[in-house]
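Working notes, beginning with the structure itself.
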Amino acid sequence: MRVSALAIYPVKGGTATALDSCDLDALGLAGDRRYCLVRPGGRVFTQRDDASLARLRVSRSADILQLELDGETLVVAPGSFACASSAHVWSRSADVRLAGDEVGATLARWFGTPLALARLERPVQREGARLALGDAAALLVTNAASLDALNAQMAAPVPMARFRPNVVLAGAAAWDEDGWARLRIGEAVLAPVHACGRCEVTTIDQGLGARLGDEPLSTLSRMRMRDGEPVFGLRYAVQQPGRVRVGDRVEALGESTAPRGRL
């Protein structure tokens, strides 16, 4: 097996940034989900709330963060993050700093609801692991052949972007991931957490930022149910940090004994 694609999502729920290589630390790929949008009260705003969040593009120059939505740009300086707060991701809270009202006003206009931009200040703990602002684990790993098998059961294929992975592997057979335990990728070693339960975000076209019917979730629900959830891909923790690259050889180290549902 080899790595065929790497991606980070600098703002949780926003557009993917494809990478040729990246450092991998305890929180996952460097720069992945270190920012999020939050509602008043701290609940994280996601594509489940508004599919158009998928069109939010992010770039960085030195310490300057630049957000873009539908051709309009918002520049956020590091000094903008002055207010200590917390952001709620499912059942856990992360320490964050919020950008000022001027940034919030632009986000509210873009998405039609009060929002603030939050930057992760301190990693949070879940099940003994340190996390950034992802849902449940440091990394999501998917298998390109499994997507081919899923697409073969649907009238219209969907791209891997619908599943928002960090690492895509090629060269394995479809659903081989069911037997993977630890993975060695380049200099890094990953430890399995659980199979990834999928939600309505998979029905959102990541380029258009719009829901398009009930696929692939409907077909996946017929093919791949685990503990009451359709699953696709595996969530991993980082056991040994290192640099990973597109084209790196991947070795499965033993057979999986990880649970197959969301923790």
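The values are calculated or read from the model by the stated rules, or taken from the named source; none is laboratory data. Because the structure is predicted, anything quoted here is derived from the model rather than measured. Here Cβ is always computed from backbone atoms with ideal geometry, including for glycine, and neighbour counts include all displayed protein chains. Note: accessible area is taken over every heavy atom of the protein model, side chains too, but ligands, DNA and RNA are not part of it. Shrake-Rupley method; radii C 1.70, N 1.55, O 1.52, S 1.80 Å.
Observations, loosely collected:
- Computing volume of the Cα convex hull per residue in Å³ for the structure here picks out one of [x] 121; [y] 157; [z] 135, namely [x].
- Square roots of 5 times each gyration tensor eigenvalue, C-alpha, the range 83-239, largest first, Å: 30, 22, 13
- The relative contact order of the chain comes to 24 percent, based on Cα pairs under 8 Å that sit 6 or more residues apart.
- Summary of the geometry: the range 213-238 and the range 82-126, compared by the centres of their Cα atoms, lie 29 Å apart.
- Remark: the chain carries 43 Å² of accessible area per residue (probe radius 1.4 Å; ligands, DNA and RNA excluded).
- Dipole magnitude of the range 58-117 about its Cα centre (Cβ charges: Lys, Arg +1; Asp, Glu -1), debye to nearest 20: 220 debye
- Measuring nothing but protein heavy atoms, the accessible surface of the range 126-263 at 1.4 Å probe radius is 49 percent carbon and sulfur.
- Gyration tensor (alpha-carbon) shape descriptor, the range 18-109, a/c threshold 1.5: rounded
- Accessible-area order (highest first, 1.4 angstrom probe) of the listed residues MET1, MET225: MET225, MET1
- For the chain, the longest site-free run once chymotrypsin sites (Phe, Trp or Tyr not before Pro) in DSSP loop states with at most 16 other Cβ atoms within 10 Å are removed: 1-89
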